[in-house]
Amino acid sequence: MEKNTRINDIQPFHVMALLARAKELESQGKDIIHLEIGEPDFPTPKPIVDAGINAIKDGDVHYTPALGLPALREAIASFYQTRYALNLSSQRVAITPGASGALMLALGVVMQEGDEVLLADPGYPCNKNFVRFLSGTTRAIHVDASTDYQLSLKHLKKHWSEKTKVVMVASPSNPTGTLLSHKELSAMAAFVKEKKAYLIVDEIYHGLIYNDEETTALAIDDNIIVINSFSKYFNMTGWRLGWLVAPESLIDKMDKLAQNIFLAAATPAQYAALAAFDSETIRILESYKSEFKQRRDFLLVKLKQLGFVIETEPQGAFYIYANCEKFSDDSYQFCYEILENIGVAITPGKDFGENNADTFVRFSYTTSIKCLEQAISRLSAYLG
Ligand SMILES: Cc1ncc(COP(=O)(O)O)c(C=O)c1O
């Protein structure tokens, strides 16, 4: 008899089945253009790789403190000074196994069983599953172009309930690449504070904001919990390293929970990340960023010309969330159709929630301009 409803409530990513099919087609010799994957295609910059190799050679392979290497916590705090002119105590920084570990740690400390968490739909799919895993509930608020696919103060006021204890946002967002303005975020932070709840801001795509100036939520209020990672801007997805910045009052609790749920983040990855803020590394990362921008600019224009509707232009990350209604009212089916027929792999809207999911797809521009051009010409021939 099936009893464990918690694990049954947690859904796998639909795109994983699509990816498996794409690999199968590749093994049969078909050429597949991958626009479904949410990770950069660039290599980890050499200074980081070298630092990681040296750490392993030097035998730096033992556990670090649960909150991470003090030197890395310091380096991250200094990065906030360099990048955002923000003075931050390294005591507020916790190193985690990716942003995933940071999200789990943050929710694990601030949530109680039965608490409600507000989040945006469409949004990063794992968040609702983390909350479910911790025996909380989520209220997925449908967002649209009128708020750049982000939560707003109006949403919070409308959907707040007695059980609401946490609000989660991401800027830039996955899947839409859209930003939350500093003004709106400040208003939301003040409201959440007044309610004695927590605001978690996922800044994992920071560093990949193309036109706007970058500001961090930490500049707004010390009570905000900020999530970040070495996965995206730093091109270190597989190293499994991230961090969070929390109010000082929560850090001991995070230490205790981190000791128990993952002991510490991977040690060689932490040593490698010490080189992540060097000037040579940043130079390489900025060159990757400008390549991402070129890809975005190219794909945005071409997808619109093809008839995809993109109401709010993505300002960051490496995603375009596009309405495909002109071609299909079943985006899941549409993704399989174009995979099978023209070898272009994209992600169906239903991986990001239920809000108009059947008419949206996500394109990741995590492949070269040459491949993007090929994808567009295949789409054009097929849909045209
Ligand atoms: C918004 C967002 N947050 C968190 C993560 C988790 O990233 P990681 O655990 O690799 O740092 C992702 C990954 O795609 C993401 O898109």
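Could you give the size of the charge dipole of the chain about its Cα centre, using +1 on the Cβ of each K and R and -1 on the Cβ of each D and E, expressed in debye and rounded to the nearest 20?
320
To the nearest 20 debye, what charge dipole does the stretch 267-384 have about its Cα centre, counting +1 at the Cβ of each Lys and Arg and -1 at the Cβ of each Asp and Glu?
About 400 debye.
Please give every one of the aspartates and glutamates within straight-line cross-link reach of Lys370, meaning a C-alpha to C-alpha distance under 15 Å, and leave out same-chain neighbours fewer than 8 residues apart.
Within the straight-line cut-off, Lys370 pairs with Asp31, Asp41, Glu291, Asp297.
Which distance in nm do the two modelled labels at Arg83 and Glu24 give, with both placed 7 Å along the Cα-to-Cβ direction?
4.0
If R0 is 56 Å, what FRET efficiency do you get for Phe42 and Glu162 from their C-beta distance, rounded to 0.05?
My answer for the efficiency is 0.75.
Report the gain in length on full extension from Lys195 to Leu263: 0.36 nm times residue separation, minus Cα-Cα distance, nm rounded to one decimal.
On the way: separation 68, 0.36 × 68 = 24.48 nm, distance 3.28 nm.
Fully extending the segment from Lys195 to Leu263 adds 21.2 nm.
Obtain the nm distance between the two label points defined at Glu291 and Met16 by a simple spin-label model: each point lies 7 Å from its Cα along the Cα-to-C-beta direction.
2.9
Shape of the stretch 1-96 from its Cα gyration tensor (a ≥ b ≥ c, root eigenvalues): rounded if a/c is under 1.5, otherwise prolate when a/b > b/c, or oblate?
Because a/c hits 1.5 or more and a/b exceeds b/c, the stretch 1-96 counts as prolate.
Under a cut-off of 18 Å between alpha-carbon atoms, report the lysines in cross-link reach of Lys183, not counting same-chain residues fewer than 8 places apart.
Result set, ordered by chain and number: Lys154, Lys157, Lys193.
Please list, by residue number, every one of the trypsin sites (Lys or Arg not before Pro) in the stretch 152-188 that is coil in DSSP and has at most 13 other beta-carbon atoms within 10 Å.
Within the stretch 152-188, the qualifying trypsin sites (Lys or Arg not before Pro) (loop, at most 13 other Cβ atoms within 10 Å) are Lys163.
Could you sort the peptides 61-71, 23-33, 309-319, 365-375 by per-residue average Cβ neighbour count (10 Å cutoff), highest mean leading?
Working: 61-71: 16.2, 23-33: 12.7, 309-319: 21.2, 365-375: 17.7.
The peptides rank, most packed first, as 309-319, 365-375, 61-71, 23-33.
What FRET efficiency, computed as 1/(1 + (r/R0)^6) with R0 = 35 Å and r the Cβ-Cβ distance, is obtained for Lys183 and Asn356, rounded to the nearest 0.05?
The formula returns an efficiency of 0.85 here.
For the stretch 117-175, rounded, prolate or oblate, judged on the Cα gyration tensor with a ≥ b ≥ c (square roots of eigenvalues), a/c < 1.5 rounded, else prolate if a/b > b/c? Intermediate values should be presented prior to the final figure.
Numbers: a/c = 2.42, a/b = 1.23, b/c = 1.97.
Since a/c reaches 1.5 but b/c is at least a/b, the shape of the stretch 117-175 is classed as oblate.
Going highest first, how would you order 118-131, 44-57 by mean Cβ packing within 10 Å?
118-131, 44-57
Charges on Cβ only, +1 for Lys and Arg, -1 for Asp and Glu, centred on the Cα centroid of the stretch 245-384; of Tyr365, Ile261, Asn355, which one is farthest towards the dipole's positive end?
Going by the charge dipole, the pick is Tyr365.
Any of Lys46/Lys253; Lys158/Lys253; Lys232/Lys302 with alpha carbons more than 28 Å apart? Name them for me.
Lys46/Lys253; Lys158/Lys253
Around Ile369, what is the net charge, scoring Lys/Arg as +1 and Asp/Glu as -1 over all other residues with Cβ under 9 Å from its Cβ?
Around Ile369, the surrounding residues sum to 0.
Calculate, for Ser279 and Lys253, the FRET efficiency according to 1/(1 + (r/R0)^6) with r their C-beta to C-beta distance and R0 35 Å; round to the nearest 0.05.
0.45
Among rounded, prolate and oblate, which fits the stretch 203-288 when a ≥ b ≥ c are the square roots of the eigenvalues of its C-alpha gyration tensor, a/c under 1.5 means rounded, and a/b larger than b/c means prolate?
Taking the square roots of the gyration eigenvalues as a ≥ b ≥ c, the stretch 203-288 is oblate.
For the peptides 224-235, 242-253, what is the packing order when you average, over each peptide's residues, the other Cβ atoms within 10 Å and list the highest mean first?
224-235, 242-253
Bear in mind that the values in this text are calculations on the coordinates, not laboratory data. Being a predicted model, the structure only gives us computed values, none of them experimental. All Cβ positions, even for glycine, are placed from backbone atoms using ideal geometry, and neighbour counts span all protein chains on display.
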